[in-house]
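What follows is a set of notes on a single structure, which appears directly below.
Computed from the coordinates by the stated procedures, all read-outs in this text should not be read as laboratory data. Keep in mind that this is a model prediction, so the values were computed, not measured. We place every Cβ from the backbone using ideal geometry, glycine too, and count neighbours over all the protein chains shown.
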Amino acid sequence: MAKRSTPPLWSVFAIDPASATSRQDQIAEHIRKAVLAGHVRPGMRLPSTRSLAAELEVSRQTAVLAYEKLMAEGYVTGRIGSGLYVPDVLPEDLLLPLPAGRTAPAGPAGGNWTPRLSARGLRLASLPITPVRRSAGLLAPGIPALDRFPHDLWARLSTRFWKGRPGVDLLGYGGPSGFRPLREAIADHLGATRAIACTADDIVITAGAQNAIDLAARLLIDPGDEVMVEDPAYVAGRSALEAAGGCVVPVPVDPDGLDVTAGEAMAPRARLALVTPSHHYPLGVPMSLSRRLSLLDWAERADGWILEDDCDGDYRYAGHPLRPLRALGRAAAARRVIYIGSFAKVLAPGLRLGFLVAPTGLAEAFGTARGLIDRHSPISTQAVLADFIGEGHFAAHLRRMRVLYAERRDRLIHALERHCGDVLDWGKSPEAGLHLTAKLHGNGGTKPDDVEIWERVSREGLQTPPLSAHYACERRAQAGFILGFAATPADRIDEAAARLGRAIRLP
C-alpha cells in the first residue's frame, strides 16, 4: 500500500506557552479536532515524532506523549515499519445504534445539553484544590527530596511482604481504621518523638492530611457552623471545610500564630478551628505557648474542636521539635484536639498515607466514617510502612533528611542573597519546615502583584506559588512567594534563584 502524504496540520496551529494546558495536551487536542472535523481523514499518515517536534519547536518527548494520548483514545494507530496513521474506524464510529423501535430522548431546544449539578455539587466543583504537578519544578514547596527516597530498602520490604504469600487477612477487606501494626508503629513514634500519649486504638489511617481534615469536618460540624481558619492558610484544607458546609472565618496570623482573641470576636459561634501550630503554612511561624493554651481554653469554653495539622513537625533544625497541642498535658488536649499527620512530606506524596489521632471516645466514629468513604488504604502499602517504621528505618531516614534539608536551606538563602536581595525579603533563616516565605520589596507589603509575576516565574520552570493567593482576606494579603528547598537538588538551587530574580525584575 502506497504511503500517503503528510497532511498540513500546522498552518493554523501554534503552541501557547502561557496556557495552563500542557504542550502535549495542546497538540493532542489539535489533532483530535482535525480528525473529527474531517481535515485529516482515516488512513492518512501522520508526521513522525521527530518531524512533529521539529515543526512545532518542542521536545521529541512532548510529541511522543501527545501521540501516546491519542493512541490510548483510539485516534491514532501504529503500523509496524510504516509509521503512525489515523485509524479507519474512529472511537465515535463504535457508538452502537439504538435498538429498533427506540428513539433517542429529546434534548433541550437547539440540541444543546448541559449537565446539571446539585447545589452542593456546584459548590464542590468551584473550590480550589492543590494543583497537580507532573514533576517537582525548581523551588517547589510541600514536596520532599524524592531523589532521596529509600527505593532499595522500600523494594526489599515490599518484596518480603509479597514473598510471604499474604493470605486473606491481608488481601481481603481490612478494618477501616487501618492496619493495626502500622497504627501501633505510629503510636510508638508519636510517643517517642512528639510526646503524644496515645495507643493504636486512638489512631485512624487516612489517605493523607486532606482526607483527615475532610473526615473531621464531616463528623464535627453541621452546614452553616462557623469555623476558624488561619489567614493566610493551606488553601486545600480551607476548601475541605467549606465543602462540608462550614462557614469559614479567616483569622489573622501574626508572629505568635493564630490570633485567638481576634478569632473569638470574629467567630463567636465557632465550632472548630484548623491550625498549623508547629510550623504555620505558609508563613512558617510557630504558635507561641500562650496562644496554644488560649486555643485549648477556647475549645473547652465553646464546646469546640481543634484540628491540629502538624505541618513539618518532624523537621526542626534548631533544638527539639515543639510540643504539639495534643501533648500539652491539658485535659482539653485529649478531649478537644484531632491531631493530624501525613507521610507526604517525610516520604512521598504518592504513597497517599497519613493518620489522625482521634479525641477521647471518637476513634470508632472516625473509623466508620473512613470506611464509608473509601473503606481503607491499600493494606500492602500500610504493611510495608509498618515495617519501615518498626524496624527503625523511618527514624534513620528523618535524621538523614534533616541534615540534607538544612544544607539545601542554607544554599537557598545564600543564593537568594546573591540574586534576589534587592527584590525579596525572607527574614531570618527558617528553623523548621521545607520552605521559606519571601515577600516582595516595593509593595508596601499589601499589593498582591505577585500573581502576575508568578506567571513569568512559571515560564522559567519554577513552582513558587504566590503568597497573596493563600489569603482569604484581600486587605491582609501580602505579595511574595513560597520557596521550597527540599525537592530541588543542591546543585540547581543557585540557578533557580537566578531565574527567580530575573523573572521578578522583568518590566
Rg from C-alpha atoms of region 365-507, normalised by the globular rule of thumb 2.2 N^0.38 Å, equals 1.35
By how many degrees, 0 to 90 and rounded to 10, does the Cα axis of helix 180-193 deviate from the longest principal axis of the chain? 50
Just grab the label-to-label distance for Glu455 and Ala365, each label 7 Å out from Cα along the Cβ direction, in nm (one decimal). 4.7
Out of residues 5 or more away from Ala267 or on other chains, whose amide H comes under 5 Å of its own, with H placed 1.01 Å from N in the peptide plane? none
Explain nothing, just compute: Karplus ³J(HN,Hα) = 6.51 cos²θ - 1.76 cosθ + 1.60, θ = phi - 60°, for every residue of region 315-320 in order, whole Hz, x for Gly and Pro. 10, 10, 9, 9, x, 7
Quotient of Cα radius of gyration and Kirkwood radius for region 198-299, i.e. Rg/Rh, equals 0.96
In deg cm²/dmol, rounded to the nearest 500, the helical mean residue ellipticity at 222 nm of the chain, built from -39500 (n - 2.57) for every DSSP H run of length 4 or more, is -12000 deg cm²/dmol
For a label point 7 Å along the Cα-to-beta-carbon line of Leu372, residues of region 212-228 with backbone N under 16 Å: 212-223
Per the 1/(1 + (r/R0)^6) rule, R0 = 35 Å and r from the Cβ atoms of Glu57 and Asp410, FRET efficiency to 0.05 is 0.35
Quote to one decimal, in nm, the extra length available between Val168 and Asp147 on full extension: 0.36 nm per residue of separation minus the C-alpha distance between them. 4.1 nm
So what's the angle, to the nearest 10 degrees on a 0 to 90 scale, between helix 379-390 and the longest Cα principal axis of the chain? 40
Tilt of helix 393-419 relative to the longest C-alpha principal axis of the chain, in degrees (0 to 90, nearest 10)? 80
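Quick one: compute a quarter of the convex hull surface over the Cα atoms of the chain and quote it in nm².
For the chain, averaging the hull's shadow over all directions gives 31.0 nm².
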Under the definition of Cα pairs under 8 Å and six or more residues apart, what whole-number percent is the relative contact order of the chain? 17
Table column - 3J(HN,Hα) (Hz), region 211-227, Karplus curve with 6.51, -1.76, 1.60, x for Gly and Pro: 5, 5, 4, 4, 4, 4, 5, 4, 8, 10, 10, 9, x, x, 5, 6, 9
For Ala192 and Thr77, extending 7 Å from Cα along the Cα-Cβ vector and measuring point to point gives, in nm, a value of 5.9
Taking amide H atoms as placed 1.01 Å from N in the peptide plane, list the residues 5 or more away in sequence, or in a different chain, whose amide H sits under 5 Å from that of Ala432. Tyr317
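Please report the antiparallel percentage of DSSP beta bridges with both residues in the chain, rounded to the nearest 5.
Roughly 55 percent of the beta bridges in the chain run antiparallel, per DSSP.
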Computed ³J(HN,Hα) along region 469-476: with the Karplus parameters 6.51/-1.76/1.60, θ = phi - 60°, integer Hz and x for glycine or proline, the list is 5, 8, 8, 8, 9, 4, 5, 8
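What FRET efficiency comes out for Arg418 versus Ala469 if R0 is 25 angstrom and r is the Cβ-Cβ distance? Round to the nearest 0.05.
So the FRET efficiency works out to roughly 0.40.
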Run the simple label-point estimate for Asp425 and His441 please: 7 Å along Cα→C-beta, distance reported in nm. 1.0
Listed by chain and number, the residues whose amide H is under 5 Å from that of Leu272, excluding neighbours fewer than 5 places away on the same chain and using placed H, are Met228, Trp305
Taking 45 Å as R0, compute the FRET efficiency from the Cβ-Cβ separation of Leu90 and Ala18 and round it to 0.05. 0.90
Rounded to the nearest Å, what's the spacing between the alpha carbon centres of region 15-80 and region 241-264? Just the number, please. 47
